[in-house]
Amino acid sequence: MNGKLVGGGIVLSALITGAAVYYLQVYGYYHPVEATAPAAEIRLTAIETGTPEPILAEEFQGIDADSSPLRFRGCFRTPMSLAMLTETFKVYEVATPLNGPGWFSCFDAARIGQDLETGAAVAFLSEHDIHPGVDRVVAIYPDGRAFAWQQLNDEAEK
């Protein structure tokens with residue numbers, strides 16, 4: 001009888017711990033980024049000056065977490081033309097969108113990655129070292145849809 005109680009207690013505590021870890025990873029640490037927050041200001045790095053400059057961004061939706069600088073994701077639209085953007089701002093050659101939580105449905109990392117590979121979207125450097133070893137990247141489509149995320153840069157691997 002005691003073995004069943006001990007075994008049941010171990011199984012129950014493992015289930016509770018598993019559920020807590022799942023919740024914290026998928027939901028717990030994330031918080032919405034308000035469109036008026038400083039993190040929601042979308043900037044791209046200018047070719048001429050090498051400094052990030054704000055661009056026009058509408059309908060911004062974003063999430064972030066204090067637990068990791070890689071958890072930022074943003075979806076928005078820009079009325080700026082892709083031709084003008086590619087002439088003015090630095091293109092980011094090694095863009096790799098990172099998967100976000102499934103409940104943040106506007107950000108589809110696999111689709112964005114495919115579109116970057118085929119040329120259906122163009123990635124720009126938003127800010128180099130927004131956190132040490134982390135760049136913010138923005139992918140923009142010709143129709144104005146745009147997505148932002150943060151990824152490790154070459155300096156992080158050293």
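Taken together, the values in this text are just the output of simple stated rules run on the coordinates, not laboratory data. Predicted, not measured: the structure shown is a model, and the values here were computed from it. No Cβ is skipped: glycine too gets one built from the backbone with ideal geometry, and neighbour counts run over all protein chains shown.
Measure nothing but the geometry: give the 0 to 90° angle between the long axis through the Cα atoms of 2-23 and the longest principal axis through the Cα atoms of the chain, rounded to 10°. Rounded to the nearest ten degrees, it is 10. The helix-only estimate of mean residue ellipticity at 222 nm for the chain, built from DSSP H runs of length n ≥ 4 each weighted as -39500 (n - 2.57), is -8000 deg cm²/dmol after division by the residue total.
Listed by Cβ neighbour count within 10 Å, with the fewest neighbours leading, D108, D135 appear as D108, D135. Simple point charges give the picture: +1 on the Cβ of Lys and Arg, -1 on the Cβ of Asp and Glu, and for the chain a dipole about the Cα centre of about 780 debye.
Computed from Cα atoms, the angle from the helix 109-118 axis to the main principal axis of the chain rounds to 30 degrees.
Would you please give the FRET efficiency between T86 and D66, computed as 1/(1 + (r/R0)^6) with r the Cβ-Cβ distance and R0 = 25 Å, to the nearest 0.05?
Working: r = 34 Å, r/R0 = 1.35.
E(calc), rounded to 0.05, equals 0.15.
Ranking N99, G144, T86 by how far each Cα lies toward the positive end of the dipole of the chain (charges on Cβ) leaves N99 at the top. Using Stokes-Einstein with the Kirkwood hydrodynamic radius over Cα pairs, what translational diffusion coefficient do you get for region 32-157 at 25 °C and a viscosity of 0.890 mPa s, in µm²/s rounded to a whole number? Stokes-Einstein gives a translational diffusion coefficient of 171 µm²/s.
Its relative contact order, with pairs defined as Cα atoms under 8 Å and 6+ residues apart, puts the chain at 20 percent.
Here E93, E59 are placed in order of increasing Cβ neighbour count within 10 Å, fewest first, which gives E93, E59.
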